[in-house]
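Read through the structure below, which is laid out as structure tokens, and then see the notes.
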């Protein structure tokens, strides 16, 4: 199945590769302007790509790969590039001139003002359009608190059964100080047609998850989530799941974290054609999210793994009514703004139709743009 997908994705990949490649060439025009960091008394030249809470990602001069360094190992930072830094609802543009106590960056603005910025308070760090005026970088500077990706996959198959399918996934996150808002939309549509059966909708499914988090204390947050979906072939006309609760993030020393949360939710489901009675129940909300990034891997260089598990068992009768969703993604950045993703999904719902069943597993190969 994946070989057939891959054949058609090449048509989609080629023009985007040309576009992305053009942007990378544009970035390397000013490579003579270098940032400098000193790690264990060794001076390195290149440019800063990412500022994390524990580590800094650095692209060495004349290298396409990323190297990560803990702040405790960095004795000096000096940039010749200008960066757009967003923190505590403040946006500044300037150059880093030093690091202090492994926790603070000394930044001198264009107008000469000197700022001391706590690294953990930084919501966004991106190169300024002064040094990179590519379209993608302009978008990142225009919306400094918003990040996301658009992924698309499709499959065209002709044989005894003709299949036409498309998958579109939109993932957005807006974080400003203690407030974080995220939106995930996943739409899948597929038609099938045989010699004996006219074209029909084999898959018509939409899932939307809107989440708000208030990070009231380091690594702790209150959250509220509203999930809505429909699945026509599974006879689900509409489903709404609001929930709210408390969560905690466990951050590792590397670029990884795991985030369990618990709360209370309500599941309201209506079925198509009034085939079954509406199903509504109160449920505890158990959610587990995680992300881990591995760098300097042979051939692929970087692998980003993330996913979530959401479970809503009925308080009154958990063996009869429940809702579970799980998602696991493996993402490989091909260029700075372009990636390929394998998305694995698992749905387990107490669907009353025995012909549909309770379980569904999916595997999607997607190409996308990150911004």
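Every number here is computed from the coordinates shown, using simple stated rules; none is lab data. Bear in mind that the values here come from a model prediction, so they are computed numbers and not experimental data. Neighbour counts are summed over all protein chains in view; Cβ atoms, including those assigned to glycine, are modelled from backbone coordinates with ideal geometry.
Remind me, relative contact order of region 110-189 in percent, using alpha carbon pairs under 8 angstrom and six or more residues apart?
Rounded, it is 22 percent for region 110-189.
Report the relative contact order of region 248-327, percent, no decimals, based on alpha-carbon pairs under 8 angstrom and at least 6 residues apart.
24
What is the Cα centroid distance between region 311-371 and region 64-134, reported in whole angstrom?
Result: 37 Å between the Cα centres.
Kindly identify region 33-142 as rounded, prolate or oblate by the Cα gyration tensor criterion: order the square roots of the eigenvalues as a ≥ b ≥ c, call it rounded if a/c is under 1.5, otherwise compare a/b with b/c, prolate if a/b is larger, else oblate.
Since a/c reaches 1.5 but b/c is at least a/b, the shape of region 33-142 is classed as oblate.
Would you mind classifying region 252-371 by shape? Square roots of the alpha carbon gyration tensor eigenvalues, ordered a ≥ b ≥ c; an a/c under 1.5 is rounded, otherwise it is prolate if a/b is larger than b/c and oblate if not.
Prolate, since a/c reaches 1.5 and a/b exceeds b/c.
At a 10 Å Cβ-Cβ cut-off, how would you order 125, 330, fewest neighbours first?
330, 125
Explain nothing, just the number: relative contact order of the chain, from Cα pairs under 8 Å at least 6 residues apart, as a whole percent.
Averaging sequence separation for qualifying contacts and normalising by length gives 10 percent for the chain.
Using a ≥ b ≥ c from the Cα gyration tensor of region 199-296 (square roots of the eigenvalues), is it rounded, prolate or oblate, where a/c under 1.5 gives rounded and otherwise the larger of a/b and b/c decides, a/b for prolate?
Oblate, since a/c reaches 1.5 and b/c is not below a/b.
Go ahead and estimate [θ] at 222 nm for the chain from helices alone: -39,500 (n - 2.57) per DSSP H run with n ≥ 4, summed, over the residue count, rounded to 500.
It comes out at -3000 deg cm²/dmol, rounded to the nearest 500.
Taking neighbour Cβ counts within 10 Å as the exposure measure, how do 145, 312 sort from fewest upward?
145, 312
Just to confirm the number: angle between the C-alpha axis of helix 2-27 and the first principal axis of the chain, 0 to 90 degrees, nearest 10?
20
Give the Rg/Rh ratio for region 274-327, taking Rg as the radius of gyration of the Cα atoms and Rh as the Kirkwood radius, to two decimals.
Radius of gyration relative to Kirkwood radius: 1.29.
Can you sort 118, 213 so the residue with the fewest Cβ neighbours within 10 Å comes first?
Starting with the residue having the fewest Cβ neighbours, the order is 118, 213.
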